[in-house]
Amino acid sequence: MNRFSNNAGAFHIDPVPSQPQMAHCHGFFVRHDMRRNGHGSVLKEQQMRILKELGYDFATCTVDAGNAAQITILQQSGWRMLAEFANSKSGGKTQLWGWDVQ
């Protein structure tokens, strides 16, 4: 597991098993006291820059369908929703998002 952070938050980037050119991003978190000030967008930009530097071709992430702030950041950063499904663990809906790195 590869964890990256700055003073506002953190995220993980891991290769997908048997698909080393594809990454799955998870654990994206902005500290509560840093939210609503653009830090999420800065953190997403850092994540996307690292994905490029690591040479990935495609990246995915999941987000709770009710997380409007994270969905807005994904949309503004050029990610696209690939699927939405009922989450049997949380009882809610989860979205799968993707981004063409190169």
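Every number in this text was worked out from the coordinates using simple rules, so none of it is lab data. Keep in mind it's a predicted model, so treat the numbers as computed, not measured. Glycine also receives a Cβ, built like all others from the backbone with ideal geometry; neighbour counts cover every protein chain displayed.
A few notes on this one:
- Failed item, numbered, when residue 78 is tested on (1) of a type outside the set (D, E, K, R); (2) surrounded by fewer than 17 Cβ atoms within 10 Å (Cβ to Cβ); (3) within 12 Å of the chain's Cα centre (by Cα); (4) at negative phi: (4)
- Scanning region 20-63 for residues that are crowded, with 17+ Cβ neighbours inside 10 Å, over 14 Å from residue 8 (Cβ atoms) and either in contact with a helix residue (DSSP H, G or I) (Cβ under 8 Å, 6 or more places away or on another chain) or among the small types (Gly, Ala, Ser) (or both) gives 23, 25, 59, 61, 63.
- Test: residue in region 84-94 that is aromatic (Phe, Trp, Tyr) and loosely packed, with under 15 Cβ neighbours inside 10 Å: yes
- Failed item in (1) of a type in the set (A, V, I, L, M, F, W, C); (2) over 12 Å from the mean Cα position of the chain (by Cα); (3) surrounded by 15 or more Cβ atoms within 10 Å (Cβ to Cβ); (4) more than 14 Å from residue 100 (Cα to Cα), with residue 68 passing the rest: (3)
- Inspection of region 64-82 finds a residue satisfying the criterion of being outside any helix (DSSP H, G or I), more than 18 Å from residue 10 (Cα to Cα), touching a Lys or Arg at 6+ places or on another chain (Cβ under 7 Å) and among the aliphatic types (A, V, I, L, M).
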